[in-house]
Each structure stands twice: as C-alpha cells, then as structure tokens.
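Notes for the one structure printed next.
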Amino acid sequence: MPRPTRAPRVTAVPERLLAKVLTVSDGVIAGTRGDRSGPALVERLVGAGYDVVDHRAVADGTGSVSEALSRACDGFAGLVVTTGGTGFGPRDLTPEATRLVLERDAPGLAEAMRLTNPLGRLSRGLAGTVGQALVLNAPGSTAGAVECLEAVLDVVPHALRLLAGHREH
C-alpha cells in the first residue's frame with residue numbers, strides 16, 4: 001500500500017503586521033519638547049513592513065501609561081512599542097506601568113534590547129504580552145529606541161504568529 005503523501009507544512013504569516021507606538025513624555029505632552037523617537041520608530045516599523053495603525057503620546061506616570069497601554073492592547077493583535085520613561089529619572093515609570101498591564105514576561109527580548117550598546121544597560125525596559133499584543137519598552141532617545149527595536153525586530157513576526165495561535169513547532 002503506498003504511503004500517503006504529506007502536505008507540505010505551511011507557516012501562516014499574518015496578512016498584515018500591525019504596530020502601535022506610544023511616546024511617553026511629559027515634555028511632549030506639555031509642548032515643550034518635540035517627539036523625535038516616536039516618529040523614528042514609526043519610520044523603522046514601516047520600513048520593516050508593519051502597518052502602524054496608531055501613534056500617540058502620553059504623560060509619564062504609572063496611571064497614564066498603564067491606562068494607555070491597556071487601551072492600546074485591548075483586542076489588538078500586533079506589536080506595541082513604547083518609547084521613553086525607562087531610565088532613572090523620578091518620572092521614568094514606564095516599566096512600573098507596563099508591569100501592571102503585562103500578562104506574561106518576555107525577558108529574552110528585554111535583555112536583547114539592553115545589549116545594543118553600553119547605555120542600554122541603564123534601561124529598565126520590559127517586554128511581554130497582553131493577549132495577542134507584544135509590548136516592548138524602548139528608551140526615549142531616538143537612536144536608542146531604534147537600536148533596541150532593531151535588536152529584536154527579526155523575531156517579532158514569529159512571536160506574533162505564536163500569539164495568534166499558530167503552531168510552528
């Protein structure tokens with residue numbers, strides 16, 4: 001009896017890679033500083049094939065950031081990148097706010113982001129999941145934000161597929 005032929009395994013890739021960017025900055029909200037890191041992240045994500053469906057700014061602080069992250073992740077299947085608030089300043093509370101929202105940690109992503117340059121060791125940023133959203137905390141400096149994103153951008157589509165329920169192993 002001939003062996004049945006096995007259909008080739010096809011890895012489903014989401015039709016669209018979706019992303020949102022959240023700039024965390026009192027200065028941007030107050031209008032005393034321009035947002036440079038947010039647009040730089042948007043540009044890099046678009047260049048990598050993502051549809052950036054939202055980019056907004058929010059004031060520093062655990063309440064404002066956790067609320068904005070919760071809204072951004074609610075019913076969203078994609079990447080949510082924050083920029084700002086990961087350092088040692090008194091209002092740098094993005095990791096604390098993110099911790100309130102995350103369902104599961106992704107420490108390998110946060111570690112990879114910190115290894116991009118020596119100043120990365122000062123970042124307290126987190127990475128993890130909320131439903132089908134992957135959240136990454138990037139620093140507020142433009143170069144630092146883009147470098148941290150680039151450190152993990154190659155594995156993000158795979159993570160998003162897994163979050164969407166695709167079995168690839």
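Where a number appears in this text, it was derived from the coordinates with a stated rule and is not lab data. Just so we're clear, the structure is a prediction, and the values are computed from it rather than from any experiment. Backbone-built Cβ (ideal geometry, glycine too); neighbour counts: all protein chains shown.
Scan the stretch 46-91 for residues that are touching an Asp or Glu at 6+ places or on another chain (Cβ under 7 Å) and among the charged types (D, E, K, R) and the total you get is 2.
Residues in the stretch 102-128 that are part of a strand (DSSP E or B) and surrounded by fewer than 18 Cβ atoms within 10 Å (Cβ to Cβ): ARG104, ASP105. Scanning the stretch 49-101 for residues being surrounded by fewer than 16 Cβ atoms within 10 Å (Cβ to Cβ), out of contact with any helix residue (DSSP H, G or I) (no Cβ under 7 Å at 6 or more places or on another chain) and of a type in the set (Gly, Ala, Ser) gives a total of 4. If you go through the stretch 87-105 and keep only what is within 18 Å of SER70 (Cβ to Cβ) and not basic (Lys, Arg), you end up with LEU93, THR94, PRO95, GLU96, ALA97, THR98, LEU100, VAL101, LEU102, GLU103, ASP105. Looking across ASP54, ASP35, ASP26, one residue alone is over 28 Å from ARG161 (Cα atoms), free of Cβ contacts under 8 Å to residues at least 40 places away in the same chain and of a type in the set (Asp, Glu). It is ASP35. Counting the residues of the stretch 70-112 that are among the aromatic types (Phe, Trp, Tyr) and either touching a residue at least 60 places away in the same chain (Cβ under 8 Å) or farther than 21 Å from LEU18 by Cα (or both) gives 1.
In summary, ALA133 fulfils each of the numbered conditions (1) out of contact with any Phe, Trp or Tyr (no Cβ under 9 Å at 6 or more places or on another chain); (2) buried (at least 19 other Cβ atoms within 10 Å of the Cβ) with the single exception of condition (1).
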